[in-house]
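Below is one structure, written out as C-alpha cells; comments come after it.
The values are calculated or read from the model by the stated rules, or taken from the named source; none is laboratory data. Quantities reported herein were computed from a predicted structural model and do not represent experimental measurements. Cβ placement follows ideal geometry from the backbone for every residue including glycine, while neighbour counts extend to all protein chains displayed. What goes into the accessible areas is simple: the full protein's heavy atoms, side chains included, and nothing from ligands, DNA or RNA. Shrake-Rupley method; radii C 1.70, N 1.55, O 1.52, S 1.80 Å.
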Amino acid sequence: MGRYGFLLCQGGGIQLSRGYSLHKSLHELYKEGARVNWLPGKTGIRKLSFRDAGGYMRNHRTDFAAGLSVIGLLIPEAVAYAGIAGLPASSGLVALFFGLACFLAFGSSRYAVVAATSSAAMVLSAGIATLSEVEKGVDPATIAAVLVILTGFWFALARLLGFARAANFVAKPVLRGVSMGLALTITLMQLPKLFGIVPSTHSPWERLVETATGFAGANPASVVTGVVALLVLFLWRSKSQPVGLWVVIGSIVATYVFPLAERGVELVGDISLHGSAISFQSLANADWAGAIQMSAALCIIVYAESYSSIHSAAARNGESIDSNRNLTAIGAANILSGFFGGLPVGAGFSATSLNEASGAQSKVSTAAALAVYLVALVFFLPLISRIPEPVLAAVVIRAVGPGLSPKPLLPYFHWQRDRFLAIVSFLAVALLGVVNGLLVSIVLSCVLILMNAAQPRVSELRKLPSSHSFVNVRIFPKAEPIPGILVLRIDQPMFFANAEPVLKKATEMFRARAKEEHLSHLILSLEESSDLDGTSIEALQVFSKRLEDKGCRPMLCRLHRRARSALVRAAVPALLPGQLSLLSVDRAVKIAKEYQAHEAALSATAMKEDAR
C-alpha cells in the first residue's frame, strides 16, 4: 500500500494522509486523526472527514432502500419475461445483470432502471417464432442472440449518427395503442401457464380458446397456486414493499411446506449460468441479414419505451438527460446480453417508476440493486429454480396489468385528436400479431404525418389599423388590405410533400384578389420554413414566373438564413436577391410601396412626355 492509503469509491477515491494505511479500520483511523482527501475525478479535490463519509451514507439511505425495492421487483420479472420469450430463466438473469451494470457505468439518468421488459420479450418471442419458420433446425437461443445483438447494434449506430431523438418520429398515440395491444397479447399468452395448461399454439387468441376449453381439466393445484398469487399481487397494494418479491418468496416456501411438484405444479427447474454464452461458430453461421427487419422492430419498441420512461422521470424531477450516453449504455447492454444468451433490455416504465417512488436520488440506487442481485445469484440461485410457473405467470400479468387500462387513451378522445391512430395501433397489435402490428402502426404514424403536412395552409395577412402588425384576416376581420399588394403567409414548413399544393392554394388566393383590383406585388412570408429542399425551390421558380407573367412582382420575406442562401444559389430569374428579405412583413410592404411610387412616377413622367 505504501505510505499513502487509497480507497476507491464511486466517482473517485479517498486518499489518507501520509503515514496511514487502510489495514486499520475506518473507526481506528478516525480516532487517530487521519486526514482524508476526497478525489472525485472531474469535480476537483476537497477535504472529507469520516463524519462526512458517515453523513454521505445516511444521505443515501433512500437510495439503498430504493435499490432493494427495485431488485425485489426485477428478479422475479427477469425469470418470468424469459418465459414470455420462450427462453431459459438464465436468459432473464443475464439480461438483468448487463442492463444494471451498463447503465450504471454509462447511463445519465439517476432514476432509470434498465432490465428486460415484457414488451421487448414479447417482440423477441414473435421474432424467434417467425425466423424459426424460415431457418429450420436453428437453435432458438441463437436466433434470440442475433436479434438482441443487432438491437444493440442499432442503438450504437443511432449514437454514431446522432439519432438521439428518433423516437419523436413515432407519435405518442401510436405508442399508447401499441403498449395496450402488447399488454393484452402478453396477458392472453400467459393465461394457460397461470392455470397449468400446456399450450399448443403461439397465437394469443388461440391460447385464450385453449384456456377456456381446457380449464375444466386443468390441474387443481396449479389453478389454486396461480389464482392465489394473482389475487395477492392485485390486492396487496404497497409502494414501499416489493410485493412481487414477497409473493415469489412465499411460493418458494410453499414448495417446501406442500409437495406442489408432486401434485403436478410445474416449477422453473434448474438454472445454470455456466455456458450461457453463444458460441462464435453459431453466431457466424446465423442468418444476420434475415434478422434485420425483426431486430429493427425490436429496437424501436425498446427505444420508444426507454425514451418515454427516462424522459418522463427526468421531466418530473427537473433532471438534465444526455440522450447519447443513454444510447451508448442501452446499446452496450444489449450487445453483451445477446452474446451471453440474455434477453433484450431497456428502461422499463414499472421499474423506473418504482425506483423514483421509493426515494432514489442518485445512481447509488442502481449500484445497490446490482450489489444485492449479485449476492442473490451467489447464494440464492437454487431457490429461484423452485418458483412455480403459475406464480411467474401471475407476476407477468400483474406487471402488464396497468397497460390494459384505457386511461392513457382517454385524453385523445377528450381533445378530439389522434383517436383513430391510437385505436388502429391497438387493434393492429392485438389482431395482426406483435411484429406486424408494430410495423403497421409505425408506417401508419409516418403516413399520417405526411398527410397532415401535405394539407396546404396559407393565410392572407392584412394590417391592423394604427399599428405595424400584419395579422390573419380570418381572425381579425377588421384588418385593412394594402392597395395593390397581397400579403400571404405559409403557415407550415415547406418541403417536398406540400410545396406544390401550398403554392397552388396561394395562386388561387392571388387570382381571387386580382379580380377585385390590379396587384402589383405579392409578398409571401416563409417564416415557418427554416430551410428549403429542391422540390420547394422548383415550385417557387414556377410560382414566381407565373406571377411575373401576370405583371405582379413576387417578394419573399421573413426568410431564414439557410432558406435565403439556397434561393440565392438557385438564381431564380423572377426572385432576385433584392426580392428575398430576412426582415419583417411590414418592411417588405414599405419596400413594395416605394417600388409602387417609383413606378407611378415613371409612368407619370412617360405620360407627360407623350403629351408633349
Under 5 Å, built H, 5+ apart or other chain: amide partners of C557: L524, S525, L526, S581
Degrees between helix 220-235 axis and first principal axis of the chain (Cα, 0 to 90, nearest 10): 50 degrees
Aspartates and glutamates with Cα under 20 Å of K136, excluding same-chain neighbours fewer than 8 positions away: D287
The chain - mean residue ellipticity at 222 nm from DSSP helices (-39,500 (n - 2.57) per run, n ≥ 4, rounded to 500): -19500 deg cm²/dmol
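Set the bar at 28 Å for Cα to Cα. Now go through K478/K593; K478/K545; K463/K550 and name every pair that lies beyond it.
Long pairs (Cα-Cα over 28 Å): K478/K545.
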Å² of accessible area per residue within the stretch 460-573, as computed with a 1.4 Å probe and no ligands counted: 52 Å²
Residues S603 and N324, FRET efficiency given R0 of 60 Å [Cβ-Cβ distance, rounded to 0.05]: 0.45
√(5λ) per eigenvalue of the Cα gyration tensor, the stretch 473-612, largest first, Å: 27, 18, 14
Carbon and sulfur %, accessible surface of the chain computed with the full protein complex present, 1.4 Å: 61 percent
Straight-distance crosslink candidates among aspartates and glutamates, where the alpha carbon sits under 15 Å from K608 and sequence neighbours closer than 8 are dropped: E599
Neighbourhood net charge (14 Å Cβ-Cβ; Lys/Arg +1, Asp/Glu -1) for S312: +1
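Give the peptides 151-157, 96-102, 309-315, 380-386 in descending order of average Cβ contacts within 10 Å, highest first.
96-102, 151-157, 309-315, 380-386
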On Cα atoms only, tilt of 89-106 relative to the major axis of the chain in degrees: 60 degrees
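With only Lys, Arg, Asp and Glu charged, each at its Cβ (+1 for the first two, -1 for the last two), find how big the charge dipole of the chain is about the Cα centre; round to the nearest 20 debye.
So the magnitude is around 2200 debye.
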For the stretch 220-294 versus the stretch 390-405, the gap between their alpha-carbon centres in whole angstrom: 12 Å
Structure-derived percent of Cα pairs over 46 Å apart - corresponding label in (i) 13; (ii) 24; (iii) 38: (iii)
Relative contact order computed over the chain (Cα-Cα under 8 Å; 6+ residues apart), in percent: 19 percent
F195, F420, ranked by accessible area, largest first (probe 1.4 Å): F420, F195
Acute angle (nearest 10 degrees) that the helix 499-514 long axis makes with the longest principal axis of the chain, alpha-carbon atoms: 30 degrees
Karplus (6.51, -1.76, 1.60) ³J(HN,Hα), θ = phi - 60°, over the stretch 349-354, in Hz, Gly and Pro reported as x: 5, 5, 5, 5, 5, 5
Straight-distance crosslink candidates among aspartates and glutamates, where the alpha carbon sits under 13 Å from K193 and sequence neighbours closer than 8 are dropped: E210, E266, E389
